[in-house]
Structure formats: C-alpha cells, structure tokens
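S.K.: Quick one: structure below, then a few questions.
The values are calculated or read from the model by the stated rules, or taken from the named source; none is laboratory data. Because the structure is a prediction, the values reported are computed rather than measured. Please note: Cβ atoms are built from the backbone with ideal geometry, for glycine as well, and neighbour counts cover all protein chains shown. Please note that ligands, DNA and RNA were not included when accessible areas were found on the heavy atoms of the full protein model with its side chains. Shrake-Rupley method; radii C 1.70, N 1.55, O 1.52, S 1.80 Å.
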Amino acid sequence: MMTQLSRFYASSIGKKAVVAVTGAGLLAFVFAHMTGNLLIYLGPDAINAYGRFLHELGHGTAIWFARLGLLAMFGLHIVATVQLTRQNRAARPRGYALDGCQRTTSAARFMIVSGLTVLAFVIYHLMHFTLGVGNDYRTAEEYFTMLDGERVHNIHQMVVDGFSVWPVSVFYILAMFLLCWHLMHGFSSVFQTLGAQTHGTRRIVRYAGYGFAAVILIGNTSIPLAVLFGLVS
C-alpha cells in the first residue's frame, strides 16, 4: 500500500492531486477562519464565545488536531508544489516555447514565494494568538474575561492589542494581499485538477476565484484597519 502511494506521489499526477486536495482544504479553512474573525464586529462577547466553542470542542483536543492538520496541509501543499515545479522544469526541453515557459515559470515562482510568505504568517499568527508570543501589552490574567459566569480567553482584547501595533497590521495586510493573489491563481487550478472544471465553465470558475479572493481580502483586511482607525476597540 505504501509503495503504491509512494509511486503515485512520485508522478506529476500524484503531486498535482496532493496540491489540489490540500488546496481545497485550505480554501475551506480560509473562508471559515475569516467568517469567525468577522464576529469581532458583533462585540467582545460574540468573538469570545466563538473562541470558547473552538477551545471546548472535543474537550479541547479538536482545536489542536485542527492546528496540526492545518500546518500539515500547508507543508504538503508547498512541498508538492515546489517538487512539481522542479519536475516540470527538468522535463522541459531547452528552447521549447521560450516565451510561454518564461511566463509560466514566473507565475509558478511567485506562487511559491507567496505560499511560503503566507505559511510564515500562519506560524506567526499561531504564536501570537495561540501561544501568546508578543502579547506583553497586558498581564496574562488580563487576557481572560468572564462570559456567562465562565472564565474564557479574551480574544477580542488580544486582537485589538495585536492590531493596535501598526507594523503588525501592515504585515497582516501584506500577507492578505499575497494570500489573495495566490487564491486567484490557485482557485481554478483546484477545480481543474479535481475534474470539476470544463471548457464551458472555465471562465465562470476563473471569475469565481477572483470573487472569492476579493471577499477574503476585504473581510480580513477590514479588521486591522478597523482597529487602527478606532472602529473596534
């Protein structure tokens, strides 16, 4: 079984499948994560209750499985993409369709750079909001609050304190632009590789990718901007 999986992954089809499946999972996560983050506009209780739900799911184990699974998906996605790009370059004859190859290679190279940047951001994001690294604006106790008579993490305060530091907000917004550039090019690739895109639906899927990326960009970048301009405090 392992030998068959190894042989499948060694092929370009196998690597494309891994990139597509992990890409689909990451698309779902990005949308779900943004939806949860937007609860901050409903006030502290809403987003703190959401955080409590995530931390209590599966008696506190589900969120750690989700975090490890997310990092694993990111890792597989990036490794398979890099290997696939190198495999395609090695198989391409020199001097073949030079202009088209240069254009494709440039796009692929930037996809890798944007992907690695987003991965670095995810690691930082987990360190900041999960492990508390950099949250030295207040005492550890101040990052807890009472909700319905229960002591919970004060996620609202963590978000406000984090994005009140403008370099953090700038880095977050830059990461969102890179993420959404990545999504615009990767959205249709997922559908194409999984066989869910036809010649007739190609344009629809492409514009759906643009729309999806725009929604993610507007939704996520609105939060640090709202904090910086005092709309959320």
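S.K.: With the requirement that a residue be buried (at least 16 other Cβ atoms within 10 Å of the Cβ) and over 18 Å from residue 191 (Cα atoms), what does the range 201-222 give you?
M.R.: 216, 217, 219, 220, 221, 222
S.K.: Filter the range 190-200 down to the residues that are of a type in the set (A, V, I, L, M, F, W, C) and either out of contact with any helix residue (DSSP H, G or I) (no Cβ under 6 Å at 6 or more places or on another chain) or loosely packed, with under 12 Cβ neighbours inside 10 Å (or both) and list them by number.
M.R.: To start, the set of residues in the range 190-200 that are of a type in the set (A, V, I, L, M, F, W, C) comprises 190-191, 194, 196.
Passing the criteria: only 196.
S.K.: Count, please, the residues in the range 121-159 that happen to be of a type in the set (D, E, K, R), at pLDDT 70 or above and open to solvent by 80 Å² or more (accessible area, probe 1.4 Å). Explain how you work it out, then say what you get.
M.R.: Applying the first criterion (of a type in the set (D, E, K, R)) to the range 121-159 yields 136, 138, 141-142, 148, 150-151.
Remaining after also requiring at pLDDT 70 or above: 141-142, 148, 150-151.
Then keep just the ones that are open to solvent by 80 Å² or more (accessible area, probe 1.4 Å); that gives 141-142, 148, 151.
Count: 4.
S.K.: Right, another one. Taking the range 41-65, which residues are open to solvent by 60 Å² or more (accessible area, probe 1.4 Å), within 27 Å of residue 218 (Cβ to Cβ) and without any contact (Cβ under 8 Å) to a residue 60 or more places away in the chain?
M.R.: 42, 53
S.K.: While we're on this one: Just name the residue that is nearest to residue 183 (Cα to Cα) out of those in the range 2-54 that are hydroxyl-bearing (Ser, Thr, Tyr) and assigned to a helix (DSSP H, G or I).
M.R.: Residues of the range 2-54 hydroxyl-bearing (Ser, Thr, Tyr): 3, 6, 9, 11-12, 22, 35, 41, 50.
Now narrow it down to the ones that are assigned to a helix (DSSP H, G or I): 3, 6, 9, 12, 22, 35, 41, 50.
Values: 3: 33, 6: 28, 9: 24, 12: 21, 22: 13, 35: 17, 41: 25, 50: 26 Å.
This residue is 22.
S.K.: Being of a type in the set (D, E, K, R) and modelled with pLDDT of 90 or more is the filter here; which residues of the range 23-65 pass it?
M.R.: From the range 23-65, those of a type in the set (D, E, K, R) are 45, 52, 56; that's our starting set.
Across the range 23-65, the qualifying residues are 45, 52.
S.K.: Return the residues of the range 223-233 that are of a type outside the set (Phe, Trp, Tyr) and open to solvent by 30 Å² or more (accessible area, probe 1.4 Å); say none if nothing qualifies.
M.R.: So the first thing to find is which residues in the range 223-233 are of a type outside the set (Phe, Trp, Tyr), and the list is 223-228, 230-233.
225, 228, 230, 231, 233, listed by residue number.
S.K.: List the residue pairs whose Cβ atoms are under 6 Å apart, where the first residue sits in the range 75-91 and is open to solvent by less than 30 Å² (accessible area, probe 1.4 Å), the second is at pLDDT below 85, and the two are 6 or more positions apart or on different chains.
M.R.: 78/115; 85/108
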